[in-house]
Structures are given as structure tokens and as C-alpha cells.
Amino acid sequence: MSPITKIWLCNLHPGNTVSDQKFKDIWEETLAFTNSYTKDKPSAKTREQHVLFQSESDATQLVLVTGYPSLEMNLAADREYVTKIAGRMSQFVKHDRLLMLEKDIDELPLETGRVSLSLATGEPAATQNNIGSGGWDVWQPPGTDSPPIKSTWVQVSSANNGDAIPNAKSKIVLKRIKGV
């Protein structure tokens, strides 16, 4: 069982903002729920395992970064999330994309509060001295039997330290909203 990190990109529906109380309430519930699956992880006492970010250039774009001790634990959390929260969450946000890294969330520089999320079509060369931490997107819908196609490199860096990777096909600078 290896740790994983999932990165959920979503967009606020028109008329919703991150300062609306109902929005805050559903995210508080979501973060508490996801945290219930990881609170016993030793590093969870010192580092946030679930963090909600907002794009600095597009206030409607949100990114939830969540870490789990294993894929199995994440799948169990997902099944329960779908029955308890997903329907209400969909009133506020629209799903955009889901990414998954075979990497412990503790390896990502999320503690700075401002991060850069970059997506590239290839792994950056080791000689580029990249800042931050990255990995291949290996997300596949449950029930998929074939190995993941590693076509998108995901790099998370402190936005305060400059560009993450020069060959990025997209880059989002994010500010922290809330984490547990």
C-alpha cells in the first residue's frame, strides 16, 4: 500500500463564491470527512493532508489536493463521499478534471499557501533542477483493468519560487483557502 495524492480541479457555478456561508459549510464538511480517513497518519499531526485552493487568476477555479495512505483507503472514502456529500457539492461546483499521483502529499510544498500547479506532456529532464515535486498522472476510473497511460506530468511547486517546469502545457497559480 503506497500513499497517493489526488488533485481535483473544479469550477464554481455562476453566482457562487468561496465567501458564501453555504459554500463554506459544505467545504468544512468535506474537509472534515476526508480528514477522518487520514487523521491517524503520523504526519497529519504536523502537515495538512487535505487543502482547498483557489486560482489567483480565475476566482471560479478551485483545486482540492488530498492525500491518502493508500489507494484502497481513498476508494473507500470516495464511495462514502458519493453517498453523503457529492450531490450537495454539485450544487456549488462543476467537475473539471481529476489527477492522481503515486506520491505522498507530504512531498508536495503545500505549506507555503501559494502553489503553482503545472501540467506537461513529458517528464522534465533531471538537469532542469525543477523546484517542487511531481509525478505522472495515473488516475483511472474504478474498474479499469489496464495500466495507466502516463501522458501528463503533474508538478506542484511553491508559487513564490518561480516556474516549475518550462514545458508546461498549463499552469495555475493557487492560493490556499482552507486545509486540515
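Answer yes or no: is there a residue in the range 13-20 that is surrounded by fewer than 19 Cβ atoms within 10 Å (Cβ to Cβ), closer than 21 Å to THR112 by Cα and touching a Lys or Arg at 6+ places or on another chain (Cβ under 9 Å). Lay out the reasoning, then the answer.
Looking only at the range 13-20, we keep the residues that are surrounded by fewer than 19 Cβ atoms within 10 Å (Cβ to Cβ), and these are 13-20.
Now restrict to residues that are closer than 21 Å to THR112 by Cα: 18.
Filter once more, so that each one left must be touching a Lys or Arg at 6+ places or on another chain (Cβ under 9 Å): 18.
Yes: one or more hits.
Please state which of the following conditions LEU64 fails to meet, knowing it meets all the rest: (1) touching a residue at least 60 places away in the same chain (Cβ under 8 Å); (2) surrounded by 14 or more Cβ atoms within 10 Å (Cβ to Cβ).
(1)
Hey, can you tell me all the residues within the range 25-55 that are without any contact (Cβ under 8 Å) to a residue 24 or more places away in the chain and within 22 Å of VAL93 (Cα to Cα)?
ASP25
What is the one condition in (1) part of a helix (DSSP H, G or I); (2) at pLDDT 95 or above that ASP58 does not satisfy?
Unmet for ASP58, out of (1) part of a helix (DSSP H, G or I); (2) at pLDDT 95 or above: (1).
Test THR152 against the criterion of being of a type outside the set (A, V, I, L, M, F, W, C), surrounded by 17 or more Cβ atoms within 10 Å (Cβ to Cβ) and within 18 Å of THR30 (Cβ to Cβ), and give yes or no.
So THR152 does not fit the description; no.
Take the conditions aliphatic (A, V, I, L, M) and either farther than 23 Å from GLU56 by Cα or outside any strand (DSSP E or B) (or both) and apply them to VAL82. Does it pass? Don't jump to the end; show me each part of the working.
On the way: aliphatic (A, V, I, L, M): yes; either farther than 23 Å from GLU56 by Cα or outside any strand (DSSP E or B) (or both): yes.
Yes, satisfied.
For residues that are among the aromatic types (Phe, Trp, Tyr) and either part of a loop (DSSP other than H, G, I, E, B) or surrounded by fewer than 18 Cβ atoms within 10 Å (Cβ to Cβ) (or both), tally how many sit in the range 24-48. Don't jump to the end; show me each part of the working.
As a first pass, look at the range 24-48 and keep what is among the aromatic types (Phe, Trp, Tyr): 27, 33, 37.
Restricting the remaining residues to those that are either part of a loop (DSSP other than H, G, I, E, B) or surrounded by fewer than 18 Cβ atoms within 10 Å (Cβ to Cβ) (or both) gives 33, 37.
The total comes to 2.
From the residues in the range 68-118 that are of a type in the set (S, T, N, Q) and under 27 Å from ASN160 (Cβ atoms), which one is surrounded by the fewest Cβ atoms within 10 Å (Cβ to Cβ)?
Restricting attention to the range 68-118, the residues satisfying the condition of being of a type in the set (S, T, N, Q) are 70, 74, 83, 90-91, 112, 116, 118.
Add one more test, that the residue is under 27 Å from ASN160 (Cβ atoms), and what stays is 112, 116, 118.
On the way: THR112: 13, SER116: 25, SER118: 25.
This residue is THR112.
Could you tell me whether the range 70-86 includes any residue that is aromatic (Phe, Trp, Tyr) and touching a residue at least 60 places away in the same chain (Cβ under 8 Å)? Before you say what the answer is, go through the steps one by one.
First, pick out the residues of the range 70-86 that are aromatic (Phe, Trp, Tyr): 81.
Subset that is touching a residue at least 60 places away in the same chain (Cβ under 8 Å): none.
No, that holds for no residue.
Check PRO142 against each of (1) within 30 Å of LYS39 (Cβ to Cβ); (2) at pLDDT 75 or above and name the one condition it does not meet.
(2)
The values are calculated or read from the model by the stated rules, or taken from the named source; none is laboratory data. Because the structure is a prediction, the values reported are computed rather than measured. For neighbour counting, all protein chains shown are included, and Cβ atoms are generated from backbone atoms with ideal geometry for every residue, glycine included.
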